[in-house]
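Written out below as structure tokens is the structure these notes cover.
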Amino acid sequence: MVRLDNMLAQIKEKLVDRGSYFVINRGRQYGKTTLLRALAEYLKDTYIVIALDFQKMGSREFADEETFAHSFMEDVLLRWNRAAGEAQALHFPAAEEHAYGLKELFINLSALCEHSLRPIVLIIDEVDSAGNHQVFIDFLAQLRGYYLERDETPIFHSVILAGVYDIKNLKLKLRPELEHQYNSPWNIAASFDMDMNFSAAQIASMLGEYEADHQTGMAAELVAEEIYAYTSGYPVLVSLICKYVDEKLGKVWSKERVAQAVKMILKESTPLFESMVKQLDLYRELYEMIEGILYQGRQIPFEIDVKPVSIGKMFGFLKEVDGQVAVANRMFEMKLLNTFIAKEALKNISYRSAQRDRNQFVEGGRLNMTLLLEKFVTHFHEVYDRKDETFLEDNGRKFFLLYLKPIINGTGNYYIEAQTRDARRTDVIVDYGGEQFIVELKIWRGKEYHNRGEKQLIEYLDYYHTNKGYLVSYNFNRKVESGVKEIQIGDKVIVEAVV
């Protein structure tokens, strides 16, 4: 496991010790439950920790106020007795003739907090499970009211709620016809803005402990940097890569094995990827926005109040980079591209043409990228030459990726280099048979820009320690001759395909 000590210390010092009520909402399989369990253990010497999981409560417990109040108090007392010890053990009173609702629940909770020898911290995991129940919204309103009066009326010292949806969206989920209303009973929450992604250093530390046990001879820091490059530290993706290398790839830890693990993971249907595809199907605006970012290099300002941005951020698919919307990590980009291409494959002529001719591009297990570019130029002019310029600019990169995918499918993989992607330039890194190809896709914007692009590509080849690169230029000047040629610049060779 990646060590969480620093994060736990920050949460305790900056939030819990200050009596904050806050929400940890992150995407699926982001390590929320692992963090909460570690936090409960970390806090237990200072606080009484009451840790609940709403996923363990069925619909019956939320049926009405009385049922919920009884069930909640029983769970609280069960965990209280474990944490407080026999000397302070309490038992839920037998049902009285009068109703036991939220009012009575909070009177009891207040009394419990008043007589506790240590402050009580309430943790509720999987609050999403309660999102469709009015009684939970009423519960939050009561909790808010007690929070505002806690100088006079004892209540929990700190409250932590965890789930994918934030509390504001829980109310929208309950009443979809009121989506324009954002007033919430939970506007008391302190901001939880800690980065829950693992750093390369944290991953390296974990691998160092693994290496001490297994003596594989790995270079832990280099492997950690490669894992981070694919995942940006998304916890479950880090864990999956490590699991595959350890259990399925012979405990051989290298950059090549990490890439192989990534390819295997992307082929499988994991809960995280299933959730991603589901949300794209539900939110068409999100689908179109991500498609525009990946295919066309669109620059979209990161504004959290814009619905598709908010949804993508909430589910963990998107993040902010220099004020712009970006996909959260490279593996998500690869999975999203695979999904987009799969949806278009049956109806797209580029995909079908490449699929038909794919065998001619591989010679002795090696991919002939020059021949691939030559065939793509010919195919592009045969199929798309009469399209208008705007259509070609918007879709040129998509058509190349659709042409590339069936050729390398099953053996190779590719991803878009996020640092160089914009409306004019995109770098695609293709891995095939242990060989790496750097392909730049560029919209022609004049000779000066073209020359600058060649220089950038050479610098990129230096970064990847290779002497040969590939350039696909979409030039819509009808006087320019299309085709493929080699350009020698110093010790570098650029194979340029002009479309």
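The values are calculated or read from the model by the stated rules, or taken from the named source; none is laboratory data. Note that the structure is a prediction, hence the values are computed from the model and not measured. All Cβ positions, even for glycine, are placed from backbone atoms using ideal geometry, and neighbour counts span all protein chains on display. For the accessible areas, the whole protein counts, side chains as well, though only heavy atoms, and no ligand, DNA or RNA atoms are used. Shrake-Rupley method; radii C 1.70, N 1.55, O 1.52, S 1.80 Å.
Length gained on full extension, residue 138 to residue 55, computed as 0.36 nm times the residue gap minus the Cα-Cα distance: 28.0 nm.
Once the piece of chain linking residue 374 and residue 387 is laid out straight, how much longer is it, given 0.36 nm per residue of separation minus the C-alpha distance between them?
Working: separation 13, 0.36 × 13 = 4.68 nm, distance 2.02 nm.
Stretched fully, the residue 374-residue 387 segment lengthens by 2.7 nm.
Axis of helix 255-267 versus longest Cα principal axis of the chain: the two differ by about 70°, to the nearest ten degrees. Considering helices alone, the calculated mean residue ellipticity of the chain at 222 nm is -15500 deg cm²/dmol, with DSSP H runs of length four and up weighted by -39500 (n - 2.57) and normalised per residue. Take the Cα of residue 148, go 7 Å toward its beta carbon, and the backbone nitrogen atoms of region 99-130 under 18 Å from that spot belong to 103, 106-107.
Positive end of the dipole of region 172-327 (Cβ unit charges, origin at the Cα centre): among 314, 270, 289, the Cα lying farthest that way belongs to 270.
Once Rh for the chain is found with the Kirkwood sum over Cα pairs, what is the Stokes-Einstein diffusion coefficient at 10 °C and 1.306 mPa s, in µm²/s? All intermediate terms of the calculation are to be shown ahead of the outcome.
Numbers: Rh = 26.0 Å.
Here the translational diffusion coefficient equals 61 µm²/s.
Accessible area of residue 225 (1.4 Å probe, protein heavy atoms only, ligands and nucleic acids ignored): about 110 Å².
Normalized C-alpha radius of gyration of region 232-380, against 2.2 N^0.38 Å?
Details: Rg = 17.9 Å, N = 149, 2.2 N^0.38 = 14.7 Å.
Here the Cα radius of gyration is 1.21 times the empirical estimate.
With all protein chains present, how much of the accessible area of the chain (probe radius 1.4 Å) comes from carbon and sulfur, to the nearest whole percent? Mind showing how you got there, number by number?
Values: 10930 of 23900 Å².
Summing carbon and sulfur atoms, their accessible area is 46 percent of the total for the chain.
Axis angle, to the nearest 10 degrees, between helix 65-84 and the longest C-alpha principal axis of the chain: 90 degrees. Placing dummy labels 7 Å off each Cα toward the beta-carbon, the span from residue 455 to residue 90 is 7.2 nm. Helix 369-384 and the longest principal axis of the C-alpha atoms of the chain enclose an angle of approximately 90°. DSSP finds beta bridges in the chain, and of those with both partners inside it, around 50 percent are antiparallel. Legend: Rg and Dmax of region 210-271, from Cα coordinates, 11.0, 33 Å.
Classify region 17-79 from the C-alpha gyration tensor, please: rounded if a/c falls under 1.5, else prolate or oblate depending on whether a/b exceeds b/c. Can you show the working numbers first?
Values: a/c = 2.13, a/b = 1.40, b/c = 1.53.
Taking the square roots of the gyration eigenvalues as a ≥ b ≥ c, region 17-79 is oblate.
Between residue 118 and residue 213, the modelled label-to-label distance comes to 2.9 nm, taking each label 7 Å out from Cα in the direction of the beta carbon.
Between amide H atoms placed 1.01 Å from N, distances below 5 Å from residue 414 occur with 431, all of them 5 or more places distant or on a separate chain.
Extension gain for the segment residue 243 to residue 222, taken as residue separation times 0.36 nm less the Cα-Cα distance, is 5.8 nm to one decimal.
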